[in-house]
Amino acid sequence: MALPPIRLDVTGSLVLRGQRTGGVSNLVNWLNEVLTDNHYPGRGVLWCRTGNGDTLGAYFLTGRSSASQARALHRTPKGELIVAPSERLAHDHLRHYVAARQSGDWLVFGNGEQVATVADRLDSGQHPALALDGLDYEPDPPIFTPRLTVTADGRDGGRVWFGAARHSSGGRLATNRLTLQVSDLAPGEGVLMTTYRSDEHEIATGDPLTEVRTASESRSNLLEELWSSLPPHLRIAAAVFSHGGVAHAEIRQAKPAQG
């Protein structure tokens, strides 16, 4: 019987830069600084708690190619958030997908078709750690984009699981799978994952995770912080939503969604 992946449980409070807990210095960067310092974040998932106490999810897209730029986020009659062409383009399963779905008590969002897969697994009763298992990175050499997925439980104190399926930094083809459980965020705390990181000269897969702080007091503030922190020439779309509120997600985008 396969064992569930190892989980890292983040339950302690994050510490502002320069403060200390138990004699150990914990460096936590501001969300806008982390994004501004990344010249190409690709796609990103964020779970955080704003200053007014709201716990929110966020998803954003940046892109370099014309095909990547020709995308938009929009809500469907089913209450899903999907990434779809903003122009008349054929469906591309790596570029067009359900980005967020509410499935009963579960909110699931991420950067690819695995969102629907994980939501279906949760609906069948699988534990989040198992629902996030078995996923693979995208088959797009040479970077091999990680698949990032967040599952948020509306029960049990609002626990959240991040999943990342990543290519090895060496020569192995086998997928590295990270599952991170997050709970008890205080106002202003969050966890961010991005597919890429870039110093403007080279592009690599993003860090496994980044703990961040945000000064945003509300959902609208958070969306503005995200949007203004992304590289302007690469921005495609960003959305912020609450558990149970995907149908009312706030969206910013560079191009209008179709129909």
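The values are calculated or read from the model by the stated rules, or taken from the named source; none is laboratory data. Please read these numbers as outputs of a predicted model, since none were measured by experiment. All Cβ positions, glycine included, derive from the backbone under ideal geometry; neighbour counts span all protein chains shown. Heavy atoms of the whole protein, side chains included, go into the accessibility calculation; ligands, DNA and RNA do not. Shrake-Rupley method; radii C 1.70, N 1.55, O 1.52, S 1.80 Å.
At a Förster radius of 25 Å, what calculated FRET efficiency corresponds to the Cβ-Cβ distance of Asp120 and His39, to the nearest 0.05?
Working: r = 36 Å, r/R0 = 1.43.
The pair Asp120/His39 has a calculated efficiency of 0.10.
Per atom type, the range 90-236 shows carbon and sulfur on 48% of its accessible surface, probed at 1.4 Å. Highest-first packing order for the peptide set 184-193, 199-208 is 184-193, 199-208, based on the mean count of other beta carbon atoms within 10 Å. Full extension of the chain between His127 and Thr76 gives 15.7 nm of extra length, using 0.36 nm per residue less the Cα-Cα distance. Rolling a 1.4 Å probe across all protein chains gives His243 an accessible area of roughly 60 Å².
Under a model in which nothing but the beta-carbon of Lys, Arg (+1) and Asp, Glu (-1) is charged, the range 117-259 shows a dipole of about 200 debye around its Cα centre. Averaged over residues, the count of other Cβ atoms within 10 Å places the peptides 174-182, 113-121 in the sequence 113-121, 174-182, highest first.
Between the range 55-76 and the range 92-146, the alpha-carbon centres lie 16 Å apart. With the simple spin-label model, which puts each label point 7 Å out from Cα in the Cβ direction, the Arg88 to Ser218 separation comes to 4.1 nm. With contacts taken as Cα pairs under 8 Å at a separation of at least 6 residues, the chain carries a relative contact order of 29 percent. Per residue, the accessible area of the range 205-259 comes to 44 Å² when a 1.4 Å probe rolls over the protein heavy atoms.
In Å², what does the accessible area per residue of the range 27-78 work out to with a 1.4 Å probe? The partial results should precede the final answer.
Working: 2070 Å² over 52 residues.
Accessible surface, normalised per residue, equals 40 Å².
With a cap of 11 neighbouring Cβ atoms within 10 Å, and only residues DSSP puts in a loop, list the chymotrypsin sites (Phe, Trp or Tyr not before Pro) found in the range 50-118. Counting only loop positions with at most 11 other Cβ atoms within 10 Å, none of the chymotrypsin sites (Phe, Trp or Tyr not before Pro) in the range 50-118 qualifies.
Taking Cα centre as origin and charging only the Cβ of basic (Lys, Arg, +1) and acidic (Asp, Glu, -1) residues, the dipole magnitude of the chain rounds to 260 debye. Rounded, prolate or oblate: which fits the range 122-225, taking a ≥ b ≥ c as square roots of the Cα gyration tensor eigenvalues, rounded meaning a/c under 1.5, else prolate when a/b beats b/c? Note, shape of the range 122-225 comes out oblate.
Looking at the chain, the DSSP beta bridges with both ends there are about 90 percent antiparallel. The candidate values were [x] 17.2, 57; [y] 22.5, 74; [z] 38.6, 124; the one computed from these coordinates for Rg and Dmax of the Cα atoms in Å carries the label [x].
Helical content of the chain, expressed as a calculated mean residue ellipticity at 222 nm, amounts to -3500 deg cm²/dmol (DSSP H runs of 4 or more residues, -39,500 (n - 2.57) each, divided by residue number, nearest 500). On a per residue basis, the range 84-157 carries 42 Å² of accessible surface, using protein heavy atoms and a 1.4 Å probe.
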